[in-house]
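Participant: First the structure, which I've put down as structure tokens, then a few questions once you've had a look.
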Amino acid sequence: AAGNALKAGFDASWEPDFFGANAHAAAAAEADAAASAATLAATQLAVAGEVALDYLALRGTQARLAIAGASLAAQAETAQIARWRAQAGLASALDVAQAETAVEQTRAGLPALQASAAQSRHALAVLTGRPPAALDILLTPAAALPQPPAGLGVDLPAATLRRRPDVLAAEMQLQAAAQRVAQQDAATRPQLALQASVAWSALTLGGLGTQAAAASLLGSATQPLFDGGRRQGTLGAQQAAFDAARATYAASVLAALQDVEDALAQLGAAQQRLQALRAAEQAAKDAALLATQRYASGIVDFQTVLDTQRTLLGVQDSAATAQTDWASGHIRVLKALGIAPPREKTS
């Protein structure tokens, strides 16, 4: 005989996280995500610092080009004076040859500076995701070297360690490793589970809701008696990974402190050098002006003029380089502190 048999129900199971294995796994994943975000921030900081340093190098090279151009013009005027004096019988052909030699030597240094400026422009373009010559129109016109702030506050060591993204990434990786150790330790404990089922059965569809339900609730606990040391071995491996992460974190902290101290030392040395060169530059300007005037009056020989002009050019070039180094030193201090360099507005 034919008949109908209808059944409806559901099963459910629940494994309570008594020892926190799932919670530790979630915390480890969150720490991994935070470490990845900090690593991204460290990369962004590094790129921003390189952009700032290349921009300062470009403006510093342009300043040196301007100095060389002004020196070339001054030497050309001196050479003209030497020619006039030679025509008047007041100077020898040797003076004219020396003056022209100085002019051409200065002129010969211009292409190297121009190439260096072009390389800085190309580096800036590539760092900002553009073809090498994409920023030539914007950056070829010379602009003043950005001036760092008068005072630079440095707070060590706590704020430095919390600000640097690489240190933060190492800290998050250490936390993730600690959570995995706790997760694996929980995995060695007994596993508890609850299972429940509810079911209705009837001969007709309408009878499903009128019949009593058959329900069951079962609990179980499992604990491997022998796994060949697999779980303990995995726990040991996680502990070793934690020890490695702790060593990496300690190394990153020490490296951060060294970076800050090195950057501050370089900045202090650059500032002292710049101050000395600025004083020397003013003295060299006075000496070159006096030598040119006295040569025109026939008081000193031409060699004195050449010496003072060479000295002035060298001191001015060194001062421009020192100015760039001083500004770059501020950028390196900011990078060591984990601070992005300020943006230079261009139009």
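The values are calculated or read from the model by the stated rules, or taken from the named source; none is laboratory data. What you are looking at is a predicted structure, and each value in this text was computed from that prediction instead of being measured. Here the Cβ positions follow ideal geometry from the backbone for every residue, glycine too, while neighbour counts run over all protein chains shown. SASA here: full protein model, heavy atoms, side chains in, ligands and nucleic acids out. Shrake-Rupley method; radii C 1.70, N 1.55, O 1.52, S 1.80 Å.
Participant: With charges only on Cβ, +1 for K and R and -1 for D and E, what is the dipole size of region 267-347 about its Cα centre, in debye, rounded to 20?
Facilitator: 400
Participant: If you don't mind, another one. Once you have the Cα-Cα distance between residue 266 and residue 66, take 0.36 nm times their residue separation minus that, and quote the gain in nm to one decimal.
Facilitator: 69.4 nm
Participant: Ok, one more. Highest first, please rank the peptides 49-62, 109-122, 73-86 by the mean number of other Cβ atoms sitting within 10 Å of their residues.
Facilitator: 49-62, 73-86, 109-122
Participant: Which number do you get for Rg(Cα) / (2.2 N^0.38 Å) in region 227-319?
Facilitator: 2.51
Participant: Is region 1-144 rounded, prolate or oblate when judged by the Cα gyration tensor, a ≥ b ≥ c being the square roots of its eigenvalues, rounded requiring a/c under 1.5 and prolate requiring a/b larger than b/c?
Facilitator: Cα axes put region 1-144 in the prolate bin.
Participant: Keeping all protein chains in place, calculate the accessible area per residue for region 266-327 (probe 1.4 angstrom), answer in Å². Don't jump to the answer; show the numbers that get you there.
Facilitator: Numbers: 3190 Å² over 62 residues.
Dividing the accessible area of region 266-327 by its residue count gives 51 Å².
Participant: Sticking with this structure for a sec: Need the C-alpha centroid separation for region 307-324 versus region 107-129, integer Å.
Facilitator: Answer, in whole Å: 20.
Participant: Same structure again: So how much slack lies between residue 162 and residue 279, counting 0.36 nm per residue of separation and subtracting their Cα-Cα distance, in nm?
Facilitator: Gain on extension, residue 162 to residue 279, equals 38.1 nm.
Participant: How far apart, in nm, are the 7 Å Cα→Cβ label points at residue 189 and residue 37?
Facilitator: Rounded to a tenth, the inter-label distance reads 2.9 nm.
Participant: Follow-up question, since we're still on this one. In region 287-342, if every C-alpha pair distance is counted and binned at 10 Å from zero, what percent goes to each bin?
Facilitator: Per 10 Å bin, starting at zero, the Cα-Cα P(r) for region 287-342 comes out as 23, 26, 18, 15, 13, 5, 0 percent.
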